[in-house]
Protein chains: 2
Amino acid sequence: MSNFYSTDAAMTSSYCVKCTDVPQFDALQDAAAEFLLDEKLHLRYLCNDTARCSGLTASLTSYTQQPQLPLGNAAGSSLAAPPPTPLIRKIILDYSRQQVTGETMELLFDLADAVNLTDRREAFRTGERINTTENKPVLHHLLRVPPPDAPMRPQPVHRQASINNVNRPVITTNNDTSEISNRANAAVLEQIHATRRQIEKFSMQVRSGQYKSSTGDSFKDTIVVTAGMEQLATRFVHRALTAHQAAFQASQGRRLHFLSNKDPVDSFFTTHELNPATTLVVMVLEESTIGSNELLNWKTIRHWLVTNLCKENSTLSEASILELHMVAVTSKDPQACLQLGISKNNVFPIWDWVIGRFSVCSAVGVLPLSLQYGYEVVSEFLDGAHDMDEHFFNAPLRDNIPVLLGLLGVWNSTFLGYTARAILPFSEALDAFPAYVQLVDMESNGKRVAMDGLELFHPAGELNFGEVAGNPHHPFYQLMHQGRVVPADFIGFMESPRPIELPGEAVSSHDEFMSNFFAQPDALAYGKSLVDLVQEGVPDGLREHMVFPGNRPSSSLLITRLDPFSIGQLLAMYEHRTAVQGFIWGINSFDQFGLEMGKLLAKYIRVQLAASRRTGATVQGFNQSTSSLLEAYLSHGKKGK
Amino acid sequence: MSNFYSTDAAMTSSYCVKCTDVPQFDALQDAAAEFLLDEKLHLRYLCNDTARCSGLTASLTSYTQQPQLPLGNAAGSSLAAPPPTPLIRKIILDYSRQQVTGETMELLFDLADAVNLTDRREAFRTGERINTTENKPVLHHLLRVPPPDAPMRPQPVHRQASINNVNRPVITTNNDTSEISNRANAAVLEQIHATRRQIEKFSMQVRSGQYKSSTGDSFKDTIVVTAGMEQLATRFVHRALTAHQAAFQASQGRRLHFLSNKDPVDSFFTTHELNPATTLVVMVLEESTIGSNELLNWKTIRHWLVTNLCKENSTLSEASILELHMVAVTSKDPQACLQLGISKNNVFPIWDWVIGRFSVCSAVGVLPLSLQYGYEVVSEFLDGAHDMDEHFFNAPLRDNIPVLLGLLGVWNSTFLGYTARAILPFSEALDAFPAYVQLVDMESNGKRVAMDGLELFHPAGELNFGEVAGNPHHPFYQLMHQGRVVPADFIGFMESPRPIELPGEAVSSHDEFMSNFFAQPDALAYGKSLVDLVQEGVPDGLREHMVFPGNRPSSSLLITRLDPFSIGQLLAMYEHRTAVQGFIWGINSFDQFGLEMGKLLAKYIRVQLAASRRTGATVQGFNQSTSSLLEAYLSHGKKGK
């Protein structure tokens, strides 16, 4: 399994320079001190400096063919398609409302050079074992490299990155796989593409009704059962696709559900409206999960399926139900799945280098999403992620959106001392996006030590939080304007996937909604002074309460439209931003040992609960507080239930 | 309308002492410095001090009658009920894993005394104009005082608060309205109870099918349209009730939806599966909303209703549709609603002292929740909130759960310097609870100045964030264990509303799930040292990555069960915690001027967009960045759409 690893593992140690090791760190600390003290560097002045502002933007332009989605045909048949028309799409990053000048950015690029950011990015791309603590490469970008024979799907045919509104071609090839020089990567790619073909075929069979349930029905609902939280990424993509017209059409009559919490209330919420006769279960089994009670939810769903189906149809056997209703996505030997009663045709591989939080482009996400929306839609999503990968791996640092976002993240958190970051998407379809960013970023960069094992001199990782924005009454805004400083990412779209123009309104609903996207960043940056309020005639005594200090940094990301392709771009953009920050800090963003201790202690608790419930064993081995809480918990169970 | 205000407005200024004005502040700063420097004060030692730990708990015990919920009858008929049985419920707060000793707590109680916390709480209770900037009283606690003639509903018949496991009676009266000495409050109460009767009657008519839609159908779906974000509180209560068996039964065949974002995607998500013939709309109209384009969503829904219903039935008039399908909750003169075509029987009052984020116990929340679950269920919820009000207003500070939570919040943020707070409910039914806490806390306490108008010496308000916890793989945990320190509230329940016991499992699913509730706080507090890892035989080079520094503070709240009553308790507990922190900081937690500026700037943007779209007016009056973004946005619209 490990034969595709680069043999150059030793190389990675030479990349272990971290930002605090290099002199550029001190220069940036000095610069930050100026920003925190010098009133002339308030954003209300910086934002009026036209020359400065026009230098602090970057954009990515992608030309794709018009997607050929199966319209109005949930079965996903491949009708003869009309000739493709070119589609231009842009992502504009405006970071002029960050507390930086052109000079600050130069210092940050110097820092990136000093810690060999470009080399690290290349080591990532070529499959070196950059996950050093687990001695693995990090290859999720390979999951979205299009197959060499990709047919009518939208393909990036030309790609440009621009800065200062000057378009410069960055990549001209459209044969991306030829770029992968690494033979090991090519071998991995073959496995990936084979799995994609397997998913394409299976999802088409299920969606067309050719693959039937144990009762002879077509499957309508899919439950994804995971032991970890990787479903947060799939959920984000799923919610976002729902707002897209063609994807929505392709999903009509189908539903997608996620079950990852062991709370029985979660199983109840997931199943209470479902018909087991038409429900397919995708079980994600990672290395660590088989054989442990991480299978609890799988057992719960199996019990629900078997009990309900056998009750209604006494001729059905448990084996046939499992064989038809249960599908596995696993990095384990398929044999382990067969022991669970899953058919060997229904086992979809992932690999031990697939990390939960970066797994949505593997079968973990691609299988359920293909069942719900059809493989074509999901391919377009993968193409978007690949487009962002190519931009990230190839564009110069100064034009590179994930690199810029990452450098600004380090600047805000490590140098200016802001601990949090608000993720504010302007689209109801992105309601699950902030939780995805929490997954990717907080689990990756919430670390204590650098790759060399030495404790960091500064806390790494930020607190990411957010909700769909757009409502000027949003509770965050009060605190962000007049309370603590929270750097924000505003994410908006030029087009609405569901436009409304009401008769008699001055603007469309989308324009109305987007007014806030353009207004809030300036309100945060400029603020409103006591002098302004005196001029407005606000009475003394009230004025002070209406002062807005301003100088609150933010980035604005304006994207052409929300569709499968741009959802893929967004996904990869935030993945790579996180990686960039990890590279600068010199940490390993790809392990997650911080999850282990809670898991271990929970096992001790479980053993105690089992013993006390069964034999009345006294609570022991815990501190006084935990013992008291456990006793209260157990004694209630005795009286009640 | 203002005749019920206390005439003692001048009094409030005497309460304007803030924590930084009193010598106790310095003593606490010194104490905090010790905690941050002295290794002997690490939680791994403090948590092993049994005497310390047993002093750092508090609990609230409430005895209620067994609720008489309409079971299995969605129409909510009032059958003769079986005789009530007493129900005992507890909330246990264990704060022994906070970085405090008994001495620290004494310093915090001294601080509370120095800033007259008890007087401020009393001024709040008796209806003084503690919202000084708007010269209003803060009366949301009156919204849940039970009517004097409340019939078979569960009533707190006895209430106890205990500390150190010694039960001490706190309140013995069960006639709560008699306690309200303030005549003004009594007048307000009459209005509140009249509105509750109006809601009870109307919701019963709708649920029984007696009140019919324009097509003669019974209403099944309710859409709540709000211009602000107050729906976050109603949404929390709604989601939580869904998991409760009796409430779930009472809601069968009905759905509740919320629309507050002007994104047309939100309207699409809200309406796309609904039948307008069976959809009732509750429009919340606050003072500021009528006449502005804050009516946009109302117009969108009106358009959707009228277009679809008239298309199918040409005899229907717009007037009859509005009269039957549209209901208003408003603090405005009812005349304004009549102008919108709403029937005068369908106008439910709120009052100008109702603050959006504290409005769920007014018609804003009670009407839609009564439509969905029946008035009886909602009354039980209100009784729970009232129970917590009584505890908060009457229990001594040392036994007072909201006071303790508030003091710990101030300690963590102002003295220890932790900027954020994780809200980690262990129940899938509380998935909307963290967003509710964000609403209540960040909008209330994210302030710049004290009540006296002077700038604070420290940032007020914390960043609240969270998700349903319980999965040991939750992405927060990595950062919380090995990254930044984030004080956490763990909230768990002794009983599951949907218990599952799978054959062959060592413990029930709820026990399995709750193992994490008991394990994570200790894992965060104790951590794991390098020495531990050496003993475990973890190889050098990996060990450093597996160290958990520990000393991460948290509180554990263990609650008997999740039901309408305890949902009400939770709601009020977090409302009052926020108020306590505001009182200590000396800020006005009840205004929200920080929302104004974004709203104003958005208006300028809207005017620009309208002019450019209609007449091609050039973008002007903005800074270079905003102009560029607006131009990109507008030029896309020209080509596309």
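The values are calculated or read from the model by the stated rules, or taken from the named source; none is laboratory data. Remember, predicted model here, so these are calculated numbers, not experimental data. Using ideal geometry, Cβ is built from the backbone for each residue, glycine included, and neighbour counts are taken over all protein chains shown. Heavy atoms of the whole protein, side chains included, go into the accessibility calculation; ligands, DNA and RNA do not. Shrake-Rupley method; radii C 1.70, N 1.55, O 1.52, S 1.80 Å.
Of all residues in segment B:605-632, those satisfying the criterion of being among the hydrophobic types (A, V, I, L, M, F, W, C) and not in a helix (DSSP H, G or I) are B:A617, B:V619, B:F622. Report yes if A:N551 is surrounded by fewer than 23 Cβ atoms within 10 Å (Cβ to Cβ) and either at the interface with another protein chain (Cβ under 7 Å from one of its Cβ atoms) or not in a helix (DSSP H, G or I) (or both), otherwise no. When the stated conditions are applied, A:N551 passes them.
Only residues that are crowded, with 16+ Cβ neighbours inside 10 Å and more than 40 Å from the chain's Cα centre (by Cα) were counted in segment A:625-641, giving 1.
For (1) over 26 Å from A:P349 (Cβ atoms); (2) at pLDDT 95 or above; (3) under 20 Å from the mean Cα position of the chain (by Cα), each residue gets a yes or a no:
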{"position": "A:T177", "(1), (2), (3)": "no, no, no"}
{"position": "A:S181", "(1), (2), (3)": "no, no, no"}
{"position": "A:A194", "(1), (2), (3)": "no, yes, no"}
{"position": "A:S214", "(1), (2), (3)": "no, yes, no"}
{"position": "A:T222", "(1), (2), (3)": "no, yes, no"}
{"position": "A:H257", "(1), (2), (3)": "no, yes, yes"}
{"position": "A:T271", "(1), (2), (3)": "yes, yes, no"}
{"position": "A:N275", "(1), (2), (3)": "yes, yes, no"}
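The criterion of being under 30 Å from A:L407 (Cβ atoms), open to solvent by less than 20 Å² (accessible area, probe 1.4 Å), in a helix (DSSP H, G or I) and not small (G, A, S) does not hold for A:F590. The number of residues in segment B:449-465 that are facing chain A (nearest Cβ under 7 Å) and surrounded by fewer than 24 Cβ atoms within 10 Å (Cβ to Cβ) comes to 3. Pairs linking a residue in segment A:342-370 that is away from chain B (no Cβ under 14 Å) to a residue that is among the aromatic types (F, W, Y) and part of a helix (DSSP H, G or I), with Cβ atoms under 6 Å and 6 or more positions apart or on different chains, do not occur.
Each row is one residue, and each column tells you yes or no for (1) at the interface with chain A (Cβ under 7 Å from one of its Cβ atoms); (2) assigned to a helix (DSSP H, G or I); (3) at pLDDT 95 or above; (4) open to solvent by 10 Å² or more (accessible area, probe 1.4 Å).
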{"site": "B:A519", "(1), (2), (3), (4)": "yes, yes, yes, no"}
{"site": "B:D522", "(1), (2), (3), (4)": "yes, yes, yes, yes"}
{"site": "B:V538", "(1), (2), (3), (4)": "no, no, no, yes"}
{"site": "B:S555", "(1), (2), (3), (4)": "no, no, yes, no"}
{"site": "B:L570", "(1), (2), (3), (4)": "no, yes, yes, no"}
{"site": "B:V580", "(1), (2), (3), (4)": "no, yes, yes, no"}
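Scanning segment A:347-394 for residues that are open to solvent by 10 Å² or more (accessible area, probe 1.4 Å), of a type in the set (D, E, K, R) and under 21 Å from A:Q249 (Cβ atoms) gives a single hit, A:E376.
Going through segment B:487-506 one residue at a time, which ones are among the β-branched types (V, I, T) and open to solvent by 10 Å² or more (accessible area, probe 1.4 Å)? The one that is among the β-branched types (V, I, T) and open to solvent by 10 Å² or more (accessible area, probe 1.4 Å): B:I500.
Annotation note: of B:H473, B:H545, the sole residue that is at the interface with chain A (Cβ under 7 Å from one of its Cβ atoms), part of a loop (DSSP other than H, G, I, E, B), free of Cβ contacts under 8 Å to residues at least 12 places away in the same chain and not hydrophobic (A, V, I, L, M, F, W, C) is B:H473. Can you spot a residue in segment A:476-486 that is surrounded by fewer than 23 Cβ atoms within 10 Å (Cβ to Cβ), outside any helix (DSSP H, G or I) and facing another protein chain (nearest Cβ under 8 Å)? Yes, segment A:476-486 contains at least one residue that is surrounded by fewer than 23 Cβ atoms within 10 Å (Cβ to Cβ), outside any helix (DSSP H, G or I) and facing another protein chain (nearest Cβ under 8 Å).
Scanning segment B:597-623 for residues that are of a type outside the set (A, V, I, L, M, F, W, C) and either surrounded by fewer than 18 Cβ atoms within 10 Å (Cβ to Cβ) or more than 7 Å from every other protein chain (Cβ to nearest Cβ) (or both) turns up B:K603, B:Y604, B:Q608, B:S612, B:R613, B:R614, B:T615, B:G616, B:T618, B:Q620, B:G621. Identify all residues within segment B:487-504 that are charged (D, E, K, R), in a loop (DSSP other than H, G, I, E, B) and more than 7 Å from every other protein chain (Cβ to nearest Cβ); write none if there are none. Result: B:E501, single match.
Taking segment B:234-272 as the range and being free of Cβ contacts under 8 Å to residues at least 24 places away in the same chain and more than 8 Å from chain A (Cβ to nearest Cβ) as the test, the residues that pass are B:F248, B:H272.
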